[in-house]
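Working notes, structure below.
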Amino acid sequence: MALTLSKKAQAVRPSSTLAITAKAKELKEKGIDVVGFGAGEPDFNTPDNICNAAIKAIENGFTKYTPASGTLELKQAICNKFLKFNGISYEPSQIVISNGGKHALTNIFQAICNPGDEVIIPTPYWLSYPEIVKLADGVPVYIRAEKEQNYKVTAEQIDAACTPKTKALIINSPNNPSGMIYTREELEAIAEVVIKRDIYVISDEIYENLIYGDEEHVSIASLNDEIYKRTITVSGVAKSYAMTGWRIGYTGSSKEVAKIMGSVQSHQTSNPNSIAQKAAYEALLGPQDSVYAMNQEFNKRRDYMYERVASMKLISALKPQGAFYLFVDISETLNKEYKGTKIGDVSNLAKILIEDFNVAVIPCVDFGFDDHIRLSYAISLDQIKIGLDRIEEFVNQLV
């Protein structure tokens, strides 16, 4: 019999964001002046106090195994953060610390999904959600939030999408890729549906510290006891503290769910990195000046990028309220021609930009929108200016 590979694993699509970012880095290494708008990570260094905590951990020999679901010390710090920042009361036994936010989501769906269980995913969505659900034998169910809805689904849409097989709903606020934030009123309406349907809600709040202007971050689990019971809150230190490579994510949930997630993790990876846990402890309990400083800089870049795109022909965007992405509608370009050839689709547009204009953008087919691109402003303002100049040069050449 011929050797075969897992059909489930073969069906997983590779991350287009990582592929495009890798392509941009490859071109830069060849000396080509590429502006990469694909970055899903802050361009700042991890703050010194956090790095020093890691160095101290190494010097003190804190390099051995820890409990599989994380140290009690860090769990208590996370409980403190959840209470003060999110208004949610968790005990250490409800916390699972994982190898990044993506691993946290993997733990969740491994813990709650049985074969055929449906998970509602609002579109636009972060491209890994469907793949993580499918790997857990779940079935993604998509509901689309149009631009006219500010890319946010309604409680009515969620209710209509529910079936007897529905197990969970994913809410991502602030959202990747749109940068939109669900208001308290919107979350209250969604919570009513979740409670009525008696399903889980996975609340991905990884961008919770990256909110601009007068916008308010609301954690759905903080609204009432009934939604609290059904919510699994996901966050981490990657985006807020420029710690993407440290790989520390965490969840707050019921003790029952946390116990199962901890058991799954104990066999799949064992504990998250011991040194990174010490660093994360310092991030959460140490000075927060760096978070504020990064937020202010991202806000400047957001304003500049939005205003530049708004002034261009054929493309448009809504002003993001959080995260560090601009979700750009390029639908009007698709029927235009460049050098005598029709653009046709967003992937071809991205190909032209990187090959002819040295600009790497993320085509959002894998985010559920085949007529949008995502531009990250987690790069320097100088690079943003150069990249947008090149994009404008491109759109001005379309006929």
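The values are calculated or read from the model by the stated rules, or taken from the named source; none is laboratory data. Source: prediction; values computed, not measured. We place every Cβ from the backbone using ideal geometry, glycine too, and count neighbours over all the protein chains shown.
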Quiz item: How many residues does the stretch 130-144 contain that are touching a Gly at 6+ places or on another chain (Cβ under 9 Å) and aliphatic (A, V, I, L, M)?
Solution: 2
Quiz item: Looking at (1) among the hydroxyl-bearing types (Ser, Thr, Tyr); (2) in contact with a strand residue (DSSP E or B) (Cβ under 6 Å, 6 or more places away or on another chain); (3) surrounded by 20 or more Cβ atoms within 10 Å (Cβ to Cβ), can you tell me which one residue 71 breaks?
Solution: (2)
Quiz item: Quick one: what pairs do we get from the stretch 1-17, first residue assigned by TED's automatic domain parsing to the domain that holds residue 125 and aromatic (Phe, Trp, Tyr), second surrounded by 10 or more Cβ atoms within 10 Å (Cβ to Cβ) and part of a helix (DSSP H, G or I), C-beta under 6 Å, 6+ apart or different chains?
Solution: none
Practice problem: Given the conditions (1) at pLDDT below 90; (2) among the hydrophobic types (A, V, I, L, M, F, W, C); (3) over 22 Å from the mean Cα position of the chain (by Cα); (4) closer than 24 Å to residue 210 by Cα, report the number of the one that residue 2 does not fulfil. | Solution: (4)
Quiz prompt | residue 77 vs. criteria buried (at least 17 other Cβ atoms within 10 Å of the Cβ) and either farther than 26 Å from residue 128 by Cβ or not small (Gly, Ala, Ser) (or both) | solution = yes
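Return yes or no: is residue 365 in contact with a Cys (Cβ under 8 Å, 6 or more places away or on another chain) and not charged (D, E, K, R)?
Criteria not met by residue 365.
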Exercise. Working carefully through the options 53, 68, 22, find the one that is in contact with a helix residue (DSSP H, G or I) (Cβ under 9 Å, 6 or more places away or on another chain) and outside the structural domain of residue 262 (by TED's automatic domain parsing).
Key: 53
Self-check item: residue 91 being in the same structural domain as residue 257 (by TED's automatic domain parsing), more than 20 Å from residue 254 (Cα to Cα) and surrounded by fewer than 22 Cβ atoms within 10 Å (Cβ to Cβ)
Solution: no
Practice problem: Please specify each residue of the stretch 120-133 satisfying the condition of being part of a helix (DSSP H, G or I) and aromatic (Phe, Trp, Tyr). | Solution: 129
Self-check item: The lone exception for residue 133 - which of (1) touching an Asp or Glu at 6+ places or on another chain (Cβ under 7 Å); (2) surrounded by 24 or more Cβ atoms within 10 Å (Cβ to Cβ) it fails
Solution: (1)
Quiz prompt | Criterion (within 23 Å of the chain's Cα centre (by Cα), surrounded by fewer than 19 Cβ atoms within 10 Å (Cβ to Cβ) and not acidic (Asp, Glu)) met by exactly one of 331, 347 | solution = 347
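Is it true that residue 118 is out of contact with any strand residue (DSSP E or B) (no Cβ under 6 Å at 6 or more places or on another chain) and more than 14 Å from residue 206 (Cβ to Cβ)?
no
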Quiz prompt | Number of the condition not met by residue 251 [criteria: (1) in a strand (DSSP E or B); (2) touching an Asp or Glu at 6+ places or on another chain (Cβ under 8 Å); (3) polar (S, T, N, Q)] | solution = (2)
Quiz item: Just for strands (runs of 3 or more DSSP E) wholly inside the stretch 134-236: which have at least 3 residues that are in the same structural domain as residue 124 (by TED's automatic domain parsing), within 18 Å of the chain's Cα centre (by Cα) and without any contact (Cβ under 8 Å) to a residue 60 or more places away in the chain?
Solution: 166-172
Quiz item: Under the condition of being buried (at least 17 other Cβ atoms within 10 Å of the Cβ) and of a type in the set (Phe, Trp, Tyr), which residue from the stretch 290-328 is farthest from residue 396 (Cα to Cα)?
Solution: 298
